[in-house]
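Have a look at the structure below, then the notes.
The values are calculated or read from the model by the stated rules, or taken from the named source; none is laboratory data. All values reported here derive from a predicted model rather than from experimental measurement. Ideal geometry is used to build each Cβ from the backbone, glycine not excepted, and the neighbour counts take in all protein chains shown. Just the protein is used for accessible areas: all its heavy atoms, side chains included, with ligands, DNA and RNA removed. Shrake-Rupley method; radii C 1.70, N 1.55, O 1.52, S 1.80 Å.
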Amino acid sequence: MSKSLIIVESPTKAKTIERILGKDYGVLSSNGHVIDLPSKELAVDTEHGFVLKNQVIPGKRKVLSQISKAAKDADRILLATDPDREGEAIAYLIANHLKLPEEKVYRVLFHEITKAGILRALENPGRPDHLKFEAQQARRAIDRLVGYKLSPVLWKKIRRGLSAGRVQSVALRLVCEREKAILAFKPEDYWLIFSHLEAEEKPVVKARLVSVDGKKIDGKKTRITDETLAKQIHAKLKQEQHTVTDIQIRAARRSPAPPFITSTLQQEAARKFRFTAKRTMMIAQQLYEGISIGNVGTTGLITYMRTDSVRVSGEAVTGAREQVKNLFGSEYIPDSPRAYRNRKGAQDAHEAVRPTRLELTPEKIGQHLEKDQARLYELIYKRFLASQMTDLSLEKTRVNIEAGPYGMEVSGQRVIFNGFTILYEEGRDDEGNSDPSLPPISKGQDLKLIDVEVEKKTTQPPPRYTEATLVKMLEEKGIGRPSTYAAILDTIQKRNYVNKEQRRFIPTTLGMAVNDYLVTRFSRLVDVQFTADMEDQLDSVEEGDKTYLEMLNGFYEPFVDELDKVENGDDDFQWGGTDEQCPKCDRGLVIKVSGKTGEFLACSGYPDCKFTSNFKKTDDGKIQLVEEEKREERCPECQGPMVLRQGRGGPFLGCTRYPDCRGTLPLSTGVPCPEDGCEGELVVKRSKKGRTFYSCSRYPGCKFATWDPPVAQPCPQCQNPIMTEKNIRGDDHLVCPRKECGFRIQRDAAG
C-alpha cells in the first residue's frame, strides 16, 4: 500500500503529525524555506515583468532530494505548510521546482495540530492557491525593490551599512514622530483640589473640585493654573459646609474581550509578562506545533497563531460554554453564545487563537510545559473561556456636593456580579484607577470635613511606544499583517534605529536621521496611508481583483522617479544640529553616528575642521560636550599627551594629536599582573565577540587574562596577589581567580 506524503516546514510539527497519523502517512519537513531569492542580489527582473529569480537556498538541496525521492513512491502529495501566504509560497515553490505531478498534489491547511484537526483537514484537501502565492511574491518583490534600491541611497547620503524597508521605515516614522511630539511638548503646572469628607460610615470620601461659581473645572481643558488662586480656594473651602446636593446611580456592564488575534496576543503578553512580540510568537509557535503531554502524547495546544480574525468554530464555542459551566456554574454563561465582529480589513482566513483541547487545563498540563510556555498557554486559555462568559455587572454612583460657591464631585462603583472577571481581566496600557467604593450617602446630608488637599500636577507629553502600544498602532493604521509585527519591531532595533529603555522605544540619533531623510526625500514611500493601501492591494492580488504585474507596475514607476530625483540631485544630507559651538572654529556642532563608535559630536565645517567630541544629554534633552580626561601615559607613536576616549571596543587612551597621530594604548586598571616575576599591569581589552576582559600589558610575553574585573587585594585564603569582582545571585562578591582555591566573600563583608 503506497503512502500519502505530507510536507510541512517545521521538524517539530512533522514529528507531532507522524505520531498522530501512524505508518499510513509519510511526513517530511522542509525546515523552513528551501527556495528563495538570493541574499546578495536584487533578483527581481524589472525589465521583464518583475520575474523573481528564486533559487535553491545553499544547503537545502539534500532536503529537496529527500522530498523528491519520497514523492515518487507516494500516491498523494499533501502540501501542509503553514496556512498563510508564507506557507503557501514554501509549498508552491517546492512543488514547482520538483515538477511534482499536478494530479497528485494537494494543499491541506492544519489550523490546529491535533488528531481531530489533522483528520478534518485531510478529509477536505484542496489545491495549491496560485493567487495567494502571487500575493506573497508581490510582497517579496516590493520589499526587495525597496531594500535593494533605497538602502544604497542611505549609504551614499548618510552612512554605509544602513537599510530601509517598506514597512519598517513607517514603523520608525511613528516612533520618531512621537519623540518629536515629546520634545516639542511644553509642560504646564496645574492644581487639583480635593476635600476629604466623612459620612456616618467609612471609608472617607475624596471629592474633587469641579466648579467655581458655576464655571466647570474638568482638570483637562479647563484647569486651575494659578497657584495663588489654588491656595485661596484651599483656604475658603476649609470654612465651607459640604452638603450632598444630588446622587446619580446607574447600572453599568462591561463585556469580555474577544479571543486573541495575533496583535492582541502580542500586546497582552507584553503588558503582563514583558515579552517582546518576537518572543511571544516563538512560544506560540511551539504551542501550536506540539508539546509532549504525559499520557496524552504529543499534541498541538493552540490553534494557528497568525490570524486577524476573532471568529471561532461553533464546536469550540459550545465546548467553552460547557467548561465555564463546569468551573463556575450556569450563572456565568450568557443566554446565547457570544459572537464577535472582525475589524474592517481583516482577512478572516483562520480562527482566533484558542486552546485546541479544553480538557487540557493550564493546571493539568503546566508541569509538562516550560515556564514561559505555561504562562502564555494559560493566558490564551483564560482569555478564550472568558470571551464566552457573562458581563461584569456594576452599579456606578456619582455624588454632587456643594460647598458654598464650590462644586465638588466624587464617583464610586460597586460590583453587582463579577462575571468574566472571576477568571480573566485584560491588561491596560495606562495606569488609570477604577472608582472606589463609597459609604452610604443620602441627598441633603452634611458631610464632615476632615481636610482639604491641594495637589500640584504637571501636564505630560504623549507616552513613548511600548511593544504593546506600537503593535496596536500598526494594527490600527493597517501597517503590515499579523505575521510581520514581530519582525518589524525586531528589525528597527537590530538596525540601531531605536533603543528600548524602561520597555519604551526611543529613536537613536541615527534613527532620527534616517527617518528625516526618508520623510523629506521619499514622503510617498513612508506615508502611513500609502503603506496601508499597499496591504489592501496585496489582498486584492490574493482575491484576484488585481494581477501581480498590475501591482508591481503601479508601485515601481513612481518609486523609480523618486529614486532618480534623489540620486541625480546635488542635495547633501545634514546631520542634526546642536546649540554647541566648535571650540576650534566656532562653527556649529552636529550629532553624527559612526558604525565603530556610535554617536559623537562633529564640526559642521568638516572636512575643513575635523574636530570631534563625545557628548552627553542632560535630563531636559540638551547636548553637552564631554571634556576628555587627560592621562599621565605618553603616546607610543609621538610621545604626545594621551586622553581617555570611548570606542566601539570600550574605553581606551588616544593621542591628543589625532587624527594626525593615531597612537593608542589600552586602558590600565592599575592592578599589577599576579603572575610571578611579571612586572606588567592588567589592562582593559575587548574580545572579537565584543566581550570585555582583562589581560597583562606585557602580552604576548605574559598571557594572564581574566573575564572579571580585577581588584588589587590579596586572597585571604591562598594569598594570591589579586581578587576579582563577580556578581553571584544578585550580590557583588570578591572571588579568588585561582580555581583550586575557590575563596569568595560578599563585597560588603570584605570592607
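In nm, to one decimal, how far is the Trp707 label point from the Val560 one, both placed 7 Å along Cα→Cβ?
With each label placed 7 Å out from Cα toward Cβ, I get 5.4 nm.
Let me have the relative contact order for segment 57-106, percent, based on Cα pairs under 8 Å that are six or more residues apart.
With pairs under 8 Å counted, the relative contact order is 42 percent.
Loop only by DSSP, 16 or fewer other Cβ within 10 Å of the Cβ. Give me the GluC sites (Glu not before Pro) in segment 655-697 that pass, ordered by residue number.
Those that pass, being in a loop and sparsely packed, are Glu675, Glu679.
Taking the Cβ-Cβ separation of Asp435 and Arg120 as r and a Förster radius of 45 Å, what is the calculated FRET efficiency to the nearest 0.05?
Numbers: r = 48 Å, r/R0 = 1.06.
Efficiency, rounded to the nearest 0.05: 0.40.
Computed over the Cα atoms of segment 392-445, what is the ratio Rg over Rh, Rh following Kirkwood? Spell out each step's value before the answer.
On the way: Rg = 14.9 Å, Rh = 13.6 Å.
In segment 392-445, Rg relative to Rh is 1.09.
Along Cα→Cβ, 7 Å out, is where each label goes; now give me the distance between the ones at Cys609 and Arg587 in nm to one decimal.
0.7
Full extension from Asp213 to Ser668: what is 0.36 nm times the residue separation minus their Cα-Cα distance, to one decimal in nm?
This chain segment gains 156.7 nm when fully extended.
Can you give the accessible area per residue of the chain, in Å², using a 1.4 Å probe?
I get 52 Å² per residue for the chain.
Quote the relative contact order of segment 353-484 in percent (integer), defining contacts as alpha-carbon pairs under 8 Å separated by 6+ residues. Please report the intermediate quantities before stating the final value.
Values: 90 pairs, mean separation 21.9, N = 132.
This gives 17 percent for segment 353-484.
For the chain, what does -39500 (n - 2.57) per DSSP helix run (n ≥ 4), summed and divided by total residues, give at 222 nm, in deg cm²/dmol to the nearest 500? Working shown, then result.
Working: 18 runs with 236 residues, N = 751.
Helices in the chain give a 222 nm mean residue ellipticity of -10000 deg cm²/dmol.
Would you mind calculating the relative contact order of the chain from Cα pairs under 8 angstrom and at least 6 residues apart, reporting the percent as a whole number?
Computed value for the chain: 11 percent relative contact order.
Straight-line reach from Lys456: which lysines have a Cα under 21 Å away, not including same-chain ones fewer than 8 places off?
Within the straight-line cut-off, Lys456 pairs with Lys186, Lys206, Lys215, Lys216, Lys220, Lys221, Lys231, Lys236, Lys238.
Extending each Cα 7 Å along its Cβ direction at Asp143 and Arg691, get the distance between those two points in nm, one decimal.
That separation, rounded to one decimal, is 3.3 nm.
So how far, in whole Å, is the C-alpha centre of segment 369-445 from the one of segment 139-199?
Cα centroid of segment 369-445 versus Cα centroid of segment 139-199: 33 Å apart.
With θ taken as phi - 60° and the coefficients 6.51, -1.76 and 1.60, list the Karplus ³J(HN,Hα) couplings across segment 64-70 in order, rounded to whole Hz; mark glycine and proline as x.
4, 5, 5, 5, 4, 5, 5
Given the pairs Lys40/Lys494; Lys616/Lys726; Lys15/Lys40, which are separated by over 31 angstrom at their Cα positions?
Lys15/Lys40
Among all lysine pairs in segment 325-385 that are eight or more places apart or on different chains, how many have alpha carbons less than 25 angstrom apart?
4
Could you tell me which of rounded, prolate or oblate describes segment 377-526, using a ≥ b ≥ c as the square roots of the eigenvalues of the alpha-carbon gyration tensor, with rounded for a/c under 1.5 and, failing that, prolate when a/b is larger than b/c and oblate otherwise?
oblate
Please list, or write none, the aspartates and glutamates whose alpha carbon is within less than 17 Å of the alpha carbon of Lys23, excluding same-chain residues fewer than 8 places away.
The qualifying aspartates and glutamates are Asp73, Asp75.
Are there any GluC sites (Glu not before Pro) in segment 126-211 that are in a DSSP loop and have at most 12 other Cβ atoms within 10 Å? List them by number.
Sites meeting the loop and neighbour criteria: Glu188, Glu200, Glu201.
Grab the beta carbon distance between Arg634 and Glu679, set R0 = 25 Å, and tell me the FRET efficiency rounded to 0.05.
Approximately 0.85, to the nearest 0.05.
Would segment 409-494 count as rounded, prolate or oblate if I go by the C-alpha gyration tensor, calling it rounded below 1.5 in a/c and otherwise prolate when a/b exceeds b/c, oblate otherwise?
Verdict is oblate for segment 409-494.
Just the number: Rg to Rh for the chain, Cα atoms, Kirkwood Rh, two decimals.
Rg/Rh: 1.03.
Counting only pairs 8 or more residues apart or on different chains, how many lysine pairs in segment 91-177 have their Cα atoms under 28 Å apart? Working shown, then result.
Values: Lys99/Lys132; Lys104/Lys115; Lys104/Lys132; Lys115/Lys132; Lys132/Lys149; Lys149/Lys157.
Final tally of qualifying lysine pairs is 6.
If you roll a 1.4 angstrom probe over the protein chains with everything in place, what fraction of the accessible area of segment 1-160 belongs to carbon and sulfur, to the nearest %?
Values: 3840 of 7680 Å².
Within segment 1-160, the accessible surface is 50 percent carbon and sulfur.
Would you pull out the residues with amide H under 5 Å of Thr303's amide H, same chain only if 5 or more places away, H placed 1.01 Å from N?
Distant-sequence amide H within range of Thr303: Arg354, Thr356.
Spelling out what I want: for every residue of segment 487-504, take phi, set θ = phi - 60°, compute 6.51 cos²θ - 1.76 cosθ + 1.60 (Karplus), and round to whole Hz; glycine and proline get x.
5, 4, 5, 5, 5, 5, 7, 4, 7, 6, 8, 9, 10, 10, 10, 6, 6, 10
Could you state, as a whole-number percent, how many of the C-alpha pairs of segment 693-738 are farther apart than 17 Å?
Distances greater than 17 Å cover 38 percent of the Cα pairs.
Would you please name the chymotrypsin sites (Phe, Trp or Tyr not before Pro) within segment 238-295 that are DSSP coil residues with at most 12 other C-beta atoms within 10 Å of their C-beta? Don't skip to the answer; put the middle values down first.
Values: sites: Phe260, Phe273, Phe275, Tyr288; in loops: Phe275.
Taking segment 238-295 and a limit of 12 other Cβ atoms within 10 Å, no loop chymotrypsin sites (Phe, Trp or Tyr not before Pro) are found.
In segment 348-458, carbon and sulfur make up what percent of the accessible area (probe 1.4 Å)? Provide the component values of the computation, followed by the final result.
Details: 2200 of 5330 Å².
Accessible surface attributable to carbon and sulfur in segment 348-458 totals 41 percent.
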